[in-house]
Amino acid sequence: IVIGGGPAGMFAAITAAKQGSKVLLIEKNDRLGKKLLITGKGRCNVTNNCSVQEILQNIPRNSRFLFSAIHACPSEYVINFFNDNGCLLKTERGNRVFPVTDRSASVLDCLKQQLHRYGVKVLNQTVVDILTQDSQVCGVITPTEKHLADWVILATGGKSYPATGSTGQGYSMAEKLGHTVIPPVGSLVPLETEGTDCQDMQGLSLKNVSV
């Protein structure tokens with residue numbers, strides 16, 4: 001089970017399904033990738049076309065935590081994934097990578113096609129709790145039923161834009177399982193954005209904020 005239907009959750013679900021797992025992707029919004037569609041002013045900055053070392057050097061704090069993950073899935077892999085599956089990408093100033101269509105919908109469509117290709121089941125419901133038994137995660141609970149699983153991936157994102165579903169719900173789930181959560185602070189954008197419709201966000205350029 002993957003909790004969260006953003007790009008991280010979809011990518012995780014696709015990867016698990018490609019390796020032979022039966023996968024259920026649970027997203028609380030009525031559609032997948034709601035925040036993805038407004039990223040990069042509606043163009044979607046997919047990744048940066050640079051080496052693993054360059055990426056790690058530009059992570060402000062505790063880059064060692066991401067060392068294994070970025071080596072396992074470097075930007076080259078991400079670029080090849082989309083190019084090989086019909087969403088052609090281009091590199092612009094600052095090594096920023098965008099779809100050649102300049103439409104974030106192209107990225108979302110590619111991910112959804114791969115979910116379908118590998119038989120990932122999508123459920124639009126809210127996960128209210130993660131089940132454990134004998135100190136092992138064994139499934140999740142939604143408002144209507146219980147779903148059992150050998151593995152649960154928590155990919156709910158942060159709390160940068162509650163209107164898109166990024167409410168920080170995953171933090172409380174992780175804490176309940178015994179993880180330590182460091183209070184989040186704003187980085188490139190404010191911690192929360194209020195009073196702005198998703199459609200309006202496509203025309204906004206959010207500046208850095210000091211915290």
Test set (1) hydroxyl-bearing (Ser, Thr, Tyr); (2) touching a residue at least 24 places away in the same chain (Cβ under 8 Å); (3) not in a loop (DSSP other than H, G, I, E, B) - residue 68 fails condition number: (2)
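Counting just the residues of the stretch 123-139 that are open to solvent by less than 60 Å² (accessible area, probe 1.4 Å) and assigned to a strand (DSSP E or B), which one comes out nearest to residue 89 (Cα to Cα)? Break it down stepwise before answering.
Taking the stretch 123-139 as the starting set, the residues that turn out to be open to solvent by less than 60 Å² (accessible area, probe 1.4 Å) are 123, 125-127, 129-131, 137-139.
Narrowing further to those that are assigned to a strand (DSSP E or B): 123, 129-131, 137-139.
Numbers: 123: 29, 129: 38, 130: 37, 131: 40, 137: 38, 138: 38, 139: 37 Å.
Here the residue is 123.
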Complete set of residues in the stretch 100-122 that are over 28 Å from residue 45 (Cβ atoms) and in a strand (DSSP E or B): 121
Qualifying positions in the stretch 9-47 - outside any loop (DSSP other than H, G, I, E, B), under 15 Å from residue 82 (Cβ atoms) and small (Gly, Ala, Ser): 40
Any hit, the stretch 21-30, residues being surrounded by 20 or more Cβ atoms within 10 Å (Cβ to Cβ) and among the polar types (S, T, N, Q): no
Meets criteria (without any contact (Cβ under 8 Å) to a residue 40 or more places away in the chain, open to solvent by 60 Å² or more (accessible area, probe 1.4 Å) and under 10 Å from residue 1 (Cα atoms)) for residue 154: no
Of all residues making up the stretch 93-107, the number that are touching a residue at least 24 places away in the same chain (Cβ under 8 Å) and open to solvent by 30 Å² or more (accessible area, probe 1.4 Å): 5
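Report, by residue number, each residue of the stretch 140-180 that is at negative phi, in a loop (DSSP other than H, G, I, E, B) and over 18 Å from the mean Cα position of the chain (by Cα).
142, 143, 144, 145, 149, 150, 177, 179, 180 - these are the residues of the stretch 140-180 that are at negative phi, in a loop (DSSP other than H, G, I, E, B) and over 18 Å from the mean Cα position of the chain (by Cα).
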Whichever residue in the stretch 53-66 is surrounded by fewer than 13 Cβ atoms within 10 Å (Cβ to Cβ) and in contact with a helix residue (DSSP H, G or I) (Cβ under 9 Å, 6 or more places away or on another chain) and, among such residues, is nearest to residue 106 (Cα to Cα): 54
Residue 50 vs. criteria farther than 22 Å from residue 154 by Cα, touching a residue at least 24 places away in the same chain (Cβ under 8 Å), in contact with a Phe, Trp or Tyr (Cβ under 7 Å, 6 or more places away or on another chain) and part of a loop (DSSP other than H, G, I, E, B): no
First in the stretch 134-149 and closer than 17 Å to residue 121 by Cα, second anywhere and polar (S, T, N, Q) and open to solvent by 100 Å² or more (accessible area, probe 1.4 Å), Cβ under 9 Å, 6 or more apart: 139/133
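The rows are residues; the columns are (1) in contact (Cβ under 8 Å) with a residue 12 or more places away in the chain; (2) touching a Cys at 6+ places or on another chain (Cβ under 8 Å); (3) under 22 Å from residue 74 (Cβ atoms).
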position: 20; (1), (2), (3): no, no, no
position: 31; (1), (2), (3): yes, no, no
position: 37; (1), (2), (3): yes, yes, no
position: 41; (1), (2), (3): yes, no, no
Residue list for the stretch 72-92, filter: open to solvent by 60 Å² or more (accessible area, probe 1.4 Å), within 24 Å of residue 53 (Cα to Cα) and either at pLDDT below 95 or among the small types (Gly, Ala, Ser) (or both): 72
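The values are calculated or read from the model by the stated rules, or taken from the named source; none is laboratory data. Here the structure is a predicted model, which means the values were calculated and not measured. Please note: Cβ atoms are built from the backbone with ideal geometry, for glycine as well, and neighbour counts cover all protein chains shown. Accessible surface is based on the protein model in full, side chains and every heavy atom, while ligands, DNA and RNA are left aside. Shrake-Rupley method; radii C 1.70, N 1.55, O 1.52, S 1.80 Å.
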